[in-house]
Amino acid sequence: MKIYIDAGTTWTKILKTENDKKEYSIIPTKDLKSLNLKYDKCTGHSLSKDKNIYENEVVALANGAKKYLEDDFIALDLGSRDIKYVQYQNKKFKDMDWNASCASATGATIEMLLKFYNVDVKNLKYNPQKYSVTCGIFGLEKIMDDIAQGVSAETAISKFIHGIAFNAYNFAKNPSKICISGGFCENLCFIESLKQYCEVIPLGRFVLVDGLMANDIKTN
């Protein structure tokens, strides 16, 4: 059996493969150490950078996205603490960027807000209004001000998510199509907000672990 791990700040994605069978799972990153897993390849913030098994997250994103997509694509991964994208054209790398400042804590901030205000993410709807924010921390003040003025928590959080989607679109340099990787694939409010600016293709939460496996096969 081979094990591939993408250990994000909040969630860890795991891919186990054996005899052409694949098993995917997600666990809280805080529980990863207690499992004592011996993994073959890894990526993510929460693991040591052992050069023998560790792979850069953008490389893992690129290799994973190529499994799903055609020759030309922009794949964007928006996580708990950073945002990154990679662009391929004519089957060749063209551009990339990675920002752990402006997008810092976006995903983690949303999870915190949902828990604090007891809001189910499934109840969030696209809102044509948006907050002009550059990161999750700066958005908290705007959200709290609106709620203090009587705006519902659902509405305020939806406006914040729209702002994140708009920032993601600008970060990727305003493309006509973005392929989304990570937990935001399951946030319909985010997906609908981003669709106001471009075509959106959700790839799911396991793109990076798929990229680890693809590169492992390629190098063996």
Task: Failed item in (1) at pLDDT 95 or above; (2) in a loop (DSSP other than H, G, I, E, B); (3) of a type outside the set (A, V, I, L, M); (4) open to solvent by less than 50 Å² (accessible area, probe 1.4 Å), with SER104 passing the rest - done: (1)
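Please state which one of ILE180, ILE201, ILE161, ILE191 is touching a Cys at 6+ places or on another chain (Cβ under 8 Å) and under 18 Å from LYS67 (Cβ atoms). Steps first, please.
Details: ILE180 fails: touching a Cys at 6+ places or on another chain (Cβ under 8 Å); ILE161 fails: under 18 Å from LYS67 (Cβ atoms); ILE191 fails: under 18 Å from LYS67 (Cβ atoms).
Testing whether each residue is touching a Cys at 6+ places or on another chain (Cβ under 8 Å) and under 18 Å from LYS67 (Cβ atoms) leaves just ILE201.
Looking at LYS22, LYS30, LYS16, LYS49, which one is closer than 18 Å to ASN215 by Cβ and out of contact with any strand residue (DSSP E or B) (no Cβ under 7 Å at 6 or more places or on another chain)?
Values: LYS22 fails: out of contact with any strand residue (DSSP E or B) (no Cβ under 7 Å at 6 or more places or on another chain); LYS30 fails: closer than 18 Å to ASN215 by Cβ; LYS16 fails: out of contact with any strand residue (DSSP E or B) (no Cβ under 7 Å at 6 or more places or on another chain).
Among LYS22, LYS30, LYS16, LYS49, only LYS49 is closer than 18 Å to ASN215 by Cβ and out of contact with any strand residue (DSSP E or B) (no Cβ under 7 Å at 6 or more places or on another chain).
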TODO: Would you point out the residue of segment 29-45, among those that are open to solvent by less than 80 Å² (accessible area, probe 1.4 Å) and of a type in the set (A, V, I, L, M), that is farthest from the chain's Cα centre (by Cα)?
DONE: LEU37
Task: Condition met for LEU140 (part of a helix (DSSP H, G or I), at pLDDT 95 or above, open to solvent by less than 80 Å² (accessible area, probe 1.4 Å) and in contact with a Ser or Thr (Cβ under 8 Å, 6 or more places away or on another chain)) - done: no
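Search segment 1-17 for residues being free of Cβ contacts under 8 Å to residues at least 60 places away in the same chain and open to solvent by less than 90 Å² (accessible area, probe 1.4 Å), and hand back the single one that is nearest to ASP82 (Cα to Cα).
The initial filter retains those residues of segment 1-17 that are free of Cβ contacts under 8 Å to residues at least 60 places away in the same chain, namely 1, 3, 7, 12, 16.
Among the residues that remain, those that are also open to solvent by less than 90 Å² (accessible area, probe 1.4 Å) are: 3, 7, 12, 16.
Numbers: ILE3: 24, ALA7: 13, THR12: 15, LYS16: 26 Å.
Applying the filter and picking the extreme gives ALA7.
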Task: First in segment 78-94 and under 14 Å from LYS177 (Cβ atoms) and open to solvent by 10 Å² or more (accessible area, probe 1.4 Å), second anywhere and at pLDDT below 85 and among the polar types (S, T, N, Q), Cβ under 6 Å, 6 or more apart - done: none
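Which one of SER132, SER158 is hydroxyl-bearing (Ser, Thr, Tyr) and open to solvent by 80 Å² or more (accessible area, probe 1.4 Å)?
Step by step, each of SER132, SER158 is checked, and only SER132 is hydroxyl-bearing (Ser, Thr, Tyr) and open to solvent by 80 Å² or more (accessible area, probe 1.4 Å).
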- [ ] State which residue pairs qualify: first residue farther than 18 Å from LEU194 by Cβ and open to solvent by less than 80 Å² (accessible area, probe 1.4 Å) and inside segment 108-126, second residue among the small types (Gly, Ala, Ser) and in a loop (DSSP other than H, G, I, E, B) in any location, beta carbons under 7 Å apart, and separation of 6 or more residues or different chains.
- [x] ALA108/SER80
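The values are calculated or read from the model by the stated rules, or taken from the named source; none is laboratory data. Note that the coordinates shown come from a computational prediction; the quantities given were computed from them, not determined experimentally. Counting neighbours? That spans all protein chains shown, and the Cβs are built from the backbone with ideal geometry, glycine included. Just so you know, the surface numbers come from the protein's heavy atoms only, side chains and all, with ligands and any DNA or RNA stripped out. Shrake-Rupley method; radii C 1.70, N 1.55, O 1.52, S 1.80 Å.
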